[in-house]
Amino acid sequence: TTTTAPHTEVPASTDLASPNGEISAYDVPGGREIGKVGLWYGYPMTMPILEERGTWLRIMMPERPNGLTAWVQAGQVTRSTSRWRMVVDLSETRVFVYRDGYETWSAPVGIGEDTTRTPTGSYFVAVIEKPGPPGYGPIVLDLNAHSEDIESWEGTGDAIIAFHGPFGAEQLIRAGGGKVSNGCIRMLPEDQLKMDGITLGSPVDIVV
């Protein structure tokens, strides 16, 4: 007899690049330098590889605008893989967490209100805070996603989307989630703890 393995629901892994220090980023392979990559707000970056062309890699970038990519030289990064992927379904107000291509758990979430929407698109886990700042819960995952409705959150000059604590929305989230935030993804503390082990660079898809 033969057994056919079930198809994975999402890609089983994602190739990642961690710059060896701060390195140059280019608009095309061997083209114009458009900036540096390696540190973001002082944190070392690990980013998904989107394309490989000879000795060049196209990677996701952490800065605005959402969807920014650049090319780096493969010899200037350390390569690895992530087994994790998170999918936030805004229409279901729920996050689905995958490992090795299979769903491992899901949880209800609070999402952005209509005037401060949670941006859709493909992103990655840029910074992991354990614990988060006071009130933000035990584990905070900061994404390379930026609000498209808020230019500067409380004068910081940026408005970064993150998975963090409920901030008083526990009842709404336990009831299935809803529109409650300024764009971030709010979670119950017990669900935040389940995120322990998700690694830097892991892809996060926000869909409707």
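The values are calculated or read from the model by the stated rules, or taken from the named source; none is laboratory data. From a predicted model like this one, the values you see are computed outputs, not experimental measurements. Cβ sites come from the backbone with ideal geometry, for glycine too, and all protein chains shown count toward neighbours. Surface areas here come from the heavy atoms of the whole protein model, side chains and all, with no ligands, DNA or RNA. Shrake-Rupley method; radii C 1.70, N 1.55, O 1.52, S 1.80 Å.
For the stretch 30-49, check the following and say yes or no: at least one residue is more than 26 Å from Thr120 (Cα to Cα) and touching a Gly at 6+ places or on another chain (Cβ under 9 Å). No, the stretch 30-49 has no match at all. Within the stretch 95-110, the set of residues being open to solvent by 10 Å² or more (accessible area, probe 1.4 Å) and under 14 Å from Ser181 (Cα atoms) comprises just one member, Pro108. In the stretch 61-74, of all residues being in contact (Cβ under 8 Å) with a residue 12 or more places away in the chain and not in a strand (DSSP E or B), the one that is farthest from Asp158 (Cα to Cα) corresponds to Ala74. I need a count of the residues in the stretch 7-60 that are touching a helix residue (DSSP H, G or I) at 6+ places or on another chain (Cβ under 9 Å), polar (S, T, N, Q) and assigned to a strand (DSSP E or B). Result for the stretch 7-60: 1. Scanning the stretch 50-93 for residues that are closer than 27 Å to Ser106 by Cβ, crowded, with 17+ Cβ neighbours inside 10 Å and among the aliphatic types (A, V, I, L, M) yields a total of 5.
Matching residues to (1) within 20 Å of the chain's Cα centre (by Cα); (2) at pLDDT 95 or above; (3) on the phi < 0 side of the Ramachandran plot:
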residue: Thr4; (1), (2), (3): no, no, yes
residue: Asp15; (1), (2), (3): yes, yes, yes
residue: Asp27; (1), (2), (3): no, yes, yes
residue: Gly31; (1), (2), (3): no, yes, yes
residue: Glu51; (1), (2), (3): yes, yes, yes
residue: Gly67; (1), (2), (3): yes, yes, no
residue: Ser82; (1), (2), (3): yes, yes, yes
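For the stretch 10-17, the criterion of being closer than 30 Å to Gly177 by Cα, without any contact (Cβ under 8 Å) to a residue 60 or more places away in the chain and open to solvent by less than 60 Å² (accessible area, probe 1.4 Å) is satisfied by no residue at all. Restricting Tyr41, Tyr26 to residues that are more than 20 Å from Ser80 (Cα to Cα) and open to solvent by 60 Å² or more (accessible area, probe 1.4 Å) narrows the list to Tyr41.
Taken over the stretch 181-196, the criterion of being outside any helix (DSSP H, G or I) and open to solvent by 40 Å² or more (accessible area, probe 1.4 Å) is satisfied by Asn182, Asp196. Pairing residues of the stretch 146-175 that are without any contact (Cβ under 8 Å) to a residue 40 or more places away in the chain with residues that are open to solvent by 70 Å² or more (accessible area, probe 1.4 Å) and part of a helix (DSSP H, G or I), at Cβ distances under 6 Å and at least 6 apart in sequence or on separate chains, gives Ala159/Trp153. The residue that is modelled with the lowest pLDDT, counting only those in the stretch 152-180 that are assigned to a helix (DSSP H, G or I) and either within 21 Å of Gly121 (Cβ to Cβ) or of a type in the set (D, E, K, R) (or both), is Glu154.
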